[in-house]
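The values are calculated or read from the model by the stated rules, or taken from the named source; none is laboratory data. Given the structure is predicted, the values throughout are model-derived calculations rather than measurements. Don't worry about glycine lacking a Cβ; one is built from the backbone with ideal geometry, like all the others, and counts go over all protein chains shown.
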Amino acid sequence: MNTVNYLRISLVDRCNFRCTYCMPEDTPLNYLPKPELLTYEELLRLVKDVFLPLGIDRFRLTGGEPLVRRGVVGFVEALAQIKGVADISMTTNGYFLEELAEDLKNAGLHRINISLDSLDPAIFQQITGRPYWQKVWRGIQAAYGAGFSPLKLNVVVLPGINEQEVPDLAALTIDLPWHVRFIEFMPVGNEAYFQKTGWVNSETLRQRIRERFGLAEGTCLGNGPADVFQIPGAQGTVGFISQMSECFCDRCNRVRLSSDGWLRPCLLNEIEQIDLKTPLRNGATAEALQDLLRNLLAAKPEINYKEQTTRDTRIYSRTMSQIGG
């Protein structure tokens, strides 16, 4: 097991998109009441007094959609000013970046991942439930213009929907220093849809790119589990996050904090998660909270999705937007 030095912080469970693989239109919107969310002050205290002292110094802000939460730019600025914070990144659907990219960069955000599941506005709308392709594309351009590097685009590959676009999406990396990440579809968020459509393994996608452009191993800065390749002569890279076909638990360096304060050792494990919000609000000392984190890190299991079928059904009681992706 790798040293855990990376925390994904979900700022909010809300999102302004309704992606079929995460929050489909027929899913009830049982959003958390605002008082249930960790405040920015509570998050900053946890970072400063609990996570940093135990060696977790890299942070990714997620959601839901993190940019729907008010005051996020100020929170990024406050987080960046804490001594010892080595890296701050964000995963976003890109809708608000046209307005906020420059401010986020100036506040201290280092890196950004933007979801872009299609280059076709019609397919984009089919997947996201929203006609926002042009606005997201402008947001990507704004993030690039603000100087985010590496700029990563996340693509969840859905069989029969956007899988035929994989070579075209990979081609974005040829003339631009962008990094496109293809993510295998998982049964977290919409298991019924997953059972209906299935998923496409990364090696199949790599072969399609090889056939058109060729493909060689590449490198890209980041804290994630992607296997990185490069089209010969390209400025950027293509990566593959293969949680279904190629278990990478032995490389896992992360834990996840939900917007309501549950610390989760793994995306696929809800059983061993611990509640940090309750003791924090009840006045627990930094040392007591650190002990909770130590216990979770010591017990952090190596979980292979293919071995989950015999585990507790509570594992998937939360959707991807509630967990923080």
#### Entry: Matching option when the condition is surrounded by fewer than 20 Cβ atoms within 10 Å (Cβ to Cβ), charged (D, E, K, R), at pLDDT 95 or above and within 16 Å of L151 (Cβ to Cβ), among E98, E42
E98
### Task
At least 3 residues that are closer than 22 Å to M186 by Cβ, among the β-branched types (V, I, T) and under 19 Å from the mean Cα position of the chain (by Cα) in each: list the strands (runs of 3 or more DSSP E) lying fully within region 74-161 that qualify.
151-157
### Task
Identify all residues within region 146-186 that are closer than 21 Å to C19 by Cβ, modelled with pLDDT under 95 and surrounded by fewer than 17 Cβ atoms within 10 Å (Cβ to Cβ); write none if there are none.
P159, G160
### Task
Just give me the residues in region 31-81 being closer than 23 Å to N2 by Cβ and of a type in the set (F, W, Y), in sequence order.
F51, F59
### Query
Looking only at residues in region 1-37 that are among the aromatic types (F, W, Y) and touching a helix residue (DSSP H, G or I) at 6+ places or on another chain (Cβ under 7 Å), which one is modelled with the lowest pLDDT?
Y21
### Query
Of all residues in region 17-57, how many are in contact with a Cys (Cβ under 9 Å, 6 or more places away or on another chain) and more than 23 Å from K135 (Cβ to Cβ)?
0
### Query
How many residues are aliphatic (A, V, I, L, M) and surrounded by fewer than 20 Cβ atoms within 10 Å (Cβ to Cβ) if we restrict to region 15-39?
2
